[in-house]
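One structure is given below, encoded as structure tokens.
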Amino acid sequence: MNVRYLPYLLILPVTLFLCLFFIYPFVLVSQQAFSGPEGPTLEHFREVVSYWKFPISLQNTLLLAAVVVPIQLALSLLMATMVSRMGKGRDLVLYVWTIPLGISDLAAGIIWLAIFEQSGFLNSMLYGIGAVSEPVNFLSYQNPAIVFLAIVLAEVWRATAIMLVILVAGIGLIPKEYYEAAEVFGASPWKRFVKITLPLLRPSLQTALVLRVILAFEVFAVVAALGGTLFPVLMSETYAYQFDLLNSNAAAAMALIILGISIVSTIVILRALRVPKGARV
Amino acid sequence: MAQIEIKGVAKQFGSYQALHSINLSISDQEFMVLLGASGCGKTTLLRIVAGLETPTEGEVWIGDRRVDHLPPRDRGIAMVFQNYAVFPHLTVFENIGFGLRMAKVSNDEVKRRVERNAELMHIEQLLARYSGELSGGQRQRVAVARALAMEPDVILMDEPLSNLDALLRLEMRAELKGVLAESKTTAIYVTHDQVEAMSLADRISVMHQGRIVQSATPVEVYRNPAEHFVAGFIGNPPMNFLSAVPEGAGRYRVADKVLDGPNGASEPLVFAIRPEDLTLSNDGFAATVKIVEPLGPHLLATCDVAGTMFRAILDSDMTVKHGDKLTLAPQDGRVRWFDPESQRAVA
């Protein structure tokens, strides 16, 4: 067989798989979102967007992403820098830090629920040291800020590691000589981080941010576990359309709106962190 | 004034002793080359002077300051790295100006110094480019310009030419020598290439197994190697060695000949002579030609003398072939004698 065709042959199975289980459902969903009784229509989009919960769920989703992602970016950069300077025990630390990656998001939500709920660890502790006279219901409609904080904490705990592993790999690719040159030419540790690590890490930052931001727009289980209906997000609204209101056309429209937001943010991130031609390592 | 004093510097990596108590003085504006095979500790010593490595023992002084506890940026040094380490995300201009920016030099001054040094290294037309758009030779020039722009007291160079092709290396070597002489900085230059060392150095320190075995001018190192190792390392081809058995009164039997040697030795010595210091004569070592290599300006004949490989450089117009018998006489004053015990030169 001609060797030139071999690469194509090798990627054929995964291509077929993607076509079958991603492209085809995607086409079906799009059809559903745009089709009405009298042919193509934007009616479903008009319906979901004009619903009173849409602005609040969009705002919540964006706010959550805007708070969580920067915290995760800073934390994962700090952790990646620390790990990459370690000699012995590096792998052990990395494994421990990435444990949350192995836990499903619903389980993560439930773990944090066990901490924050009225009979949870936090209340037992506060009661034990006498800080409160009776258990407090932190996750109630009276404490929206605490609900938000709990969700942020759970998301940071759960999903920082995905950025961490990408950044650790990226930092490992930066040749040591650049740091030595920067050190000799007068750069302090902080300057080396800002002037060498960050710019040379741009490709990894792109990947980590795109992945993380997309996941942030899809946030669902953690929010459902901790906030229930107190904190509506786009994904929980999509779920409600599909399974509570049995309106799959509206659910499909919501799914496409989330896709649109993800695509726009991906483009913005790729543009912002673009590495000029010739400036690549 | 930036003389460098290295006092009793030793370096241990785990159980491996990379450097054994090195002492070396380099005077102001001197061009010092550290020469040795890979693993001899030359790069480690350079990195200790740079501050990229901390010595296990000893002191490093630059000018009248002890610097071994200071970070690299406080030592008044600049460095040219083996792989250039030209930052890929910065333009040539910002690369050359990197150190000046770190030192918070004013924009005008950065521009002036970057442009002057770019001109000096003939890369003024490349200032807007990124390193990915440069050839190896151009990157090398950027690395040198970046070091010169700092106007440092000391320039450290770690095999800066080893990644260039042969022709470019020759060209850069000459240029580097001119530029550094002009800049009046003290320089330490690490290389494993003896021709490079010879052509650049004011003084060469030959290193072997973590020790400096000889520090002297290139001619001195070549003519009067202080140790057997140096004699076998320097010169291409290196010196010929034959064992010498004392026959009393400063006379030694070397192969089939009896020669005058150093007085007083009662133990066998090693006789050494450079291939180019042999002449054809009636009175010399009986040599059987094994291999003949015409090298253009001269002819290299590898012979057998008393069972030992022995090379001679002969006139290129000689007709010599395999199996020929030659009589090779050492030129007066060009013979070295080594003590096989201590490896040191006796005379």
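The values are calculated or read from the model by the stated rules, or taken from the named source; none is laboratory data. The model shown is predicted, which means the values in this text are computed figures rather than measured ones. Glycine gets a Cβ as well: all are built from the backbone with ideal geometry, and neighbour counts include every protein chain shown. What goes into the accessible areas is simple: the full protein's heavy atoms, side chains included, and nothing from ligands, DNA or RNA. Shrake-Rupley method; radii C 1.70, N 1.55, O 1.52, S 1.80 Å.
Taken one residue at a time, the phi angles of the range A:237-246 give Karplus couplings (6.51, -1.76, 1.60, θ = phi - 60°) of 5, 4, 4, 4, 4, 6, 9, 8, 9, 6 Hz. Gly and Pro are set to x. Heavy-atom accessible area buried between chains A and B is around 2100 Å² (1.4 Å probe, both sides summed). Cα centroid separation, the range A:74-107 to the range B:196-234: 51 Å.
Quick one: pull the percentage of alpha-carbon pairs in chain B with a separation above 32 Å.
Details: 25763 of 60031 pairs.
Of all Cα-Cα distances in chain B, 43 percent exceed 32 Å.
Once you list every other residue whose beta carbon is under 15 Å from the beta carbon of B:Ala306, what net charge do they have if Lys and Arg are +1 and Asp and Glu are -1? Around B:Ala306, the surrounding residues sum to +3. The distance separating the Cα centre of the range B:16-41 from that of the range B:104-174 comes to 25 Å.
A cut-off of 5 Å between modelled amide H atoms, ignoring neighbours fewer than 5 places along the same chain, links A:Ser35 with A:Thr41.
How shielded is B:81-88 by partner chains, expressed as the average number of their Cβ atoms within 10 Å of its Cβ atoms?
Per residue, the number of nearby Cβ atoms from other chains is 6 on average.
Per-residue extension of 0.36 nm, minus the Cα-Cα distance of B:Glu341 and B:Glu119, leaves a gain of 74.5 nm for this segment. What residue among A:Ala131, A:Ala255, A:Ala65 has the largest mean-square fluctuation in a Gaussian network model of chain A, using Cα springs under 10 Å? Checking each option, the largest mean-square fluctuation is seen for A:Ala131.
Only lysine pairs 8 or more places apart or on separate chains count here, and in chain B those with Cα atoms under 26 Å apart total 13.
Using heavy-atom solvent-accessible surface (probe 1.4 Å) with all chains present, what is the largest-first order of A:Trp112, A:Trp52?
A:Trp52, A:Trp112
When Rg and the Kirkwood radius Rh are both evaluated on Cα atoms of the range B:11-88, their ratio Rg/Rh stands at 0.95. Ellipsoid semi-axes for the range B:169-260, based on the Cα gyration tensor and the rule √(5λ), read 35, 13, 12 Å when sorted largest first.
Across peptide B:125-138, the mean count of Cβ atoms from other chains lying within 10 Å of each residue's own Cβ comes to 2.
Where a ≥ b ≥ c are the square roots of the eigenvalues of the C-alpha gyration tensor, would you call the range B:50-178 rounded, which needs a/c under 1.5, or, failing that, prolate if a/b is larger than b/c, or oblate? The shape class here is oblate. Of all the options A:Gln142, A:Gln59, A:Gln32, the one that moves most in a Gaussian network model of chain A with Cα springs shorter than 10 angstrom is A:Gln142. In the elastic network of chain B, a GNM with C-alpha springs shorter than 10 Å, the most mobile of B:Arg139, B:Arg129, B:Arg113 is B:Arg129.
Quick one: net charge around A:Lys53, please, counting Lys, Arg +1 and Asp, Glu -1 for every other residue with C-beta under 13 Å from its C-beta. Overall, the nearby charge balance is -3.
Surface exposure of the protein assembly as shown, expressed per residue as accessible area with a 1.4 Å probe, stands at 50 Å².
Once R0 is set to 51 Å, what does the formula 1/(1 + (r/R0)^6) return for the Cβ-Cβ distance between B:Glu171 and A:Arg4, expressed as a FRET efficiency to the nearest 0.05? Given R0 = 51 Å and the Cβ-Cβ separation, E is 0.75. Inter-chain neighbour count for A:173-183: the average number of beta-carbon atoms from partner chains within 10 Å of each residue's beta-carbon is 6. Averaging the sequence gap over all C-alpha pairs within less than 8 Å and six or more residues apart, then dividing by the number of residues, gives chain B a relative contact order of 15 percent.
Given Cα pairs under 8 Å that are at least 6 residues apart, what percent is the relative contact order of the range B:119-254? Kindly include the intermediate steps, with their values, before the conclusion.
Values: 120 pairs, mean separation 18.3, N = 136.
Normalised by residue count, the contact order of the range B:119-254 is 13 percent.
Membrane-span-like helices in chain A, defined here as complete DSSP H runs extending at least 27 Å along the helix axis by their C-alpha atoms with mean Kyte-Doolittle hydropathy no lower than 0.5, are A:53-85, A:144-172, A:248-272; this is a sequence and geometry rule, not a statement about a membrane. Filter the trypsin sites (Lys or Arg not before Pro) in the range A:58-111 to those in DSSP coil with at most 16 other Cβ atoms within 10 Å of their Cβ, and list the result. Those satisfying the criteria are A:Lys88.
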